[in-house]
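The values are calculated or read from the model by the stated rules, or taken from the named source; none is laboratory data. Bear in mind that the values here come from a model prediction, so they are computed numbers and not experimental data. Cβ placement follows ideal geometry from the backbone for every residue including glycine, while neighbour counts extend to all protein chains displayed.
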Amino acid sequence: MTPPLTYPVTAGDINIYHARLIADQQITYVLDCAGRLDAERLNGSLAALRRAVPILGSRLRVEGSRFWRASADEPTCVTTEAAVEPAQAVERFVAAPCDPLSELPLKVQLARGEGGDTLCVKVDHVLTDAAGLKSLLYLLAEAYSAGEIRQPVNLDRGFGQVIGRFSPLELASAALRPSLPKPGAPIAAGPFEAEPTFLEHVTLEPEQFERLHARLRTAGATINDAVLAGLYRVVFERIAAAASVPYPLMVPVDMRRTLPEDRQCVIANLSSAVYPALNAVPGETFGGTLARVSSAMNGFKDRQPGLSAMLLMSLGALGGGSQMRRRYEMASRRGSRFISATNFGVIDSGRIGFDGADVRGAYGIGPIQYAPGILIALSSYGGRLHFVVQSNDRQTFQPVVRDFLGGLVAQLETFVQAAC
């Protein structure tokens with residue numbers, strides 16, 4: 001069947017389009033392969049992916065307050081690069097800017113190193129969020145290995161399918177709750193240079209990660225709770241104002257969780273957010289901070305987490321999102337200051353098998369949250385937990401981010417060692 005010439009744009013897409021004022025909106029998955037991928041076969045798999053998800057072959061169009069996507073008669077093709085240092089090739093690929101008005105939303109690169117290929121799959125966030133990109137990665141792997149895509153794909157990209165699953169009472173309750181606080185004090189003073197961009201990447205190795213899991217099972221808390229507790233403790237060490245004023249962190253929420261399982265493979269911006277806010281308590285242990293974080297997050301879980309912010313985005317997108325744009329313009333003048341931890345979750349090794357090229361490692365990279373904001377993308381594969389920050393200003397801000405991530409990992413390790 002011939003795909004339609006145009007596709008509707010959702011409230012989530014409009015929100016992300018305007019958010020480009022404070023963040024370079026691209027998301028990437030990086031796969032370290034032990035062998036070689038066949039570029040021609042991969043191009044065939046991309047064509048199959050385009051047939052399954054036709055909106056991948058479109059560009060954004062904006063005229064005044066009207067947004068839509070228009071089909072483009074242009075293939076999505078893999079690019080290849082001979083790379084002595086694959087990490088440098090990855091960083092160049094990730095940092096390359098995107099323009100949703102002139103480029104297709106999906107880009108794929110093979111960095112050919114001596115020890116195997118590094119596959120990078122990048123998407124424009126104006127089309128989809130990290131959960132949607134993970135689905136694309138799974139679909140691409142299936143097309144490559146099986147020669148076809150068998151998984152069901154939900155082509156409904158709208159918020160309505162989520163909002164419609166809540167009762168009128170739940171919707172009214174969510175609409176009355178405030179959902180977007182002002183960000184806390186900045187982690188570092190500017191001004192900051194827009195270029196060059198950089199990546200900072202640290203990990204918890206499998207043995208460390210397993211010990212953290214075991215410690216959290218005893219404490220009755222989650223990995224997300226522990227990461228947030230560590231983040232708060234790093235913030236408390238570096239921002240004196242957090243002692244007297246509750247400091248908000250941004251925690252994205254994937255609203256696909258409300259959909260039936262066979263409808264959750266949807267390439268769309270279906271993420272929302274909650275904003276836990278804690279103040280510093282002098283002398284508090286990690287366990288004390290963890291308990292307060294767990295209590296705050298459990299409170300959200302009892303009240304349809306993310307629904308309030310999703311309703312706000314739906315209203316804000318009316319008229320082309322002029323209110324959204326004004327808010328982001330104000331934020332860009334003041335400097336993006338939100339600190340966010342977004343958990344891309346476990347990358348399923350059983351679903352990213354590329355026939356003939358075992359995947360040794362995989363991780364996700366989130367958008368740039370322009371300095372002094374920090375967006376930490378968490379992902380795990382093969383028992384290893386990754387923390388990745390993409391940001392700008394190598395000279396001034398990269399040392400701040402490196403210290404910040406080092407402090408976070410140190411907090412988690414101290415928590416684990418305290419139980420030994």
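Quick look at the numbers
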item: Residues that are without any contact (Cβ under 8 Å) to a residue 40 or more places away in the chain and either in contact with a Phe, Trp or Tyr (Cβ under 9 Å, 6 or more places away or on another chain) or within 28 Å of A341 (Cβ to Cβ) (or both), drawn from region 100-144; result: K107, Q109, A111
item: Condition check for E142: out of contact with any strand residue (DSSP E or B) (no Cβ under 8 Å at 6 or more places or on another chain), assigned to a loop (DSSP other than H, G, I, E, B) and farther than 15 Å from I365 by Cα; result: no
item: Cβ pairs under 8 Å, 6+ apart, first in region 162-174 and among the acidic types (D, E), second part of a helix (DSSP H, G or I) and crowded, with 17+ Cβ neighbours inside 10 Å; result: E170/L307
item: Residue match in region 72-82 (condition: in a strand (DSSP E or B), touching an Asp or Glu at 6+ places or on another chain (Cβ under 7 Å) and either polar (S, T, N, Q) or in contact (Cβ under 8 Å) with a residue 24 or more places away in the chain (or both)); result: no
item: Which listed residue, of V126, V108, is more than 14 Å from the chain's Cα centre (by Cα) and in the same structural domain as P75 (by TED's automatic domain parsing); result: V108
item: Tally, over region 355-395, of residues that are farther than 28 Å from P191 by Cα and not small (G, A, S); result: 9
item: Selection status of N15, outside any loop (DSSP other than H, G, I, E, B), more than 21 Å from the chain's Cα centre (by Cα) and either touching a residue at least 24 places away in the same chain (Cβ under 8 Å) or surrounded by 15 or more Cβ atoms within 10 Å (Cβ to Cβ) (or both); result: no
item: Selection from region 312-350 of residues that are surrounded by 15 or more Cβ atoms within 10 Å (Cβ to Cβ) and of a type in the set (K, R); result: R325, R327, R337
item: Of all residues making up region 28-50, the number that are in contact (Cβ under 8 Å) with a residue 40 or more places away in the chain and assigned to a helix (DSSP H, G or I); result: 8
item: Checklist (1) of a type outside the set (F, W, Y); (2) more than 19 Å from L127 (Cβ to Cβ); (3) in contact with a Lys or Arg (Cβ under 7 Å, 6 or more places away or on another chain) applied to A39, failing item; result: (3)
item: Failed criterion for Q264 (all others in (1) touching a residue at least 60 places away in the same chain (Cβ under 8 Å); (2) buried (at least 19 other Cβ atoms within 10 Å of the Cβ); (3) in contact with a helix residue (DSSP H, G or I) (Cβ under 6 Å, 6 or more places away or on another chain) hold); result: (2)
item: Members of region 262-308 that are of a type in the set (G, A, S) and more than 20 Å from T128 (Cβ to Cβ); result: A277, A280, G283, G287, G288, A291, S294, S295, A296, G299, S308
item: Residue that is among the aliphatic types (A, V, I, L, M), in contact (Cβ under 8 Å) with a residue 24 or more places away in the chain and in contact with a helix residue (DSSP H, G or I) (Cβ under 6 Å, 6 or more places away or on another chain), where the choices are A273, A277; result: A273
item: Residue check, Q151 modelled with pLDDT under 95 and outside the structural domain of G35 (by TED's automatic domain parsing); result: yes
item: Among (1) in contact (Cβ under 8 Å) with a residue 24 or more places away in the chain; (2) farther than 29 Å from F93 by Cα; (3) under 17 Å from the mean Cα position of the chain (by Cα), the one test that E237 misses; result: (3)
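Condition check ((1) of a type outside the set (A, V, I, L, M, F, W, C); (2) at pLDDT 95 or above; (3) farther than 21 Å from P183 by Cβ; (4) touching a Leu at 6+ places or on another chain (Cβ under 7 Å)) across all residues:
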| site | (1), (2), (3), (4) |
| --- | --- |
| T218 | yes, no, yes, no |
| R233 | yes, yes, no, no |
| F236 | no, no, no, no |
| V245 | no, no, no, no |
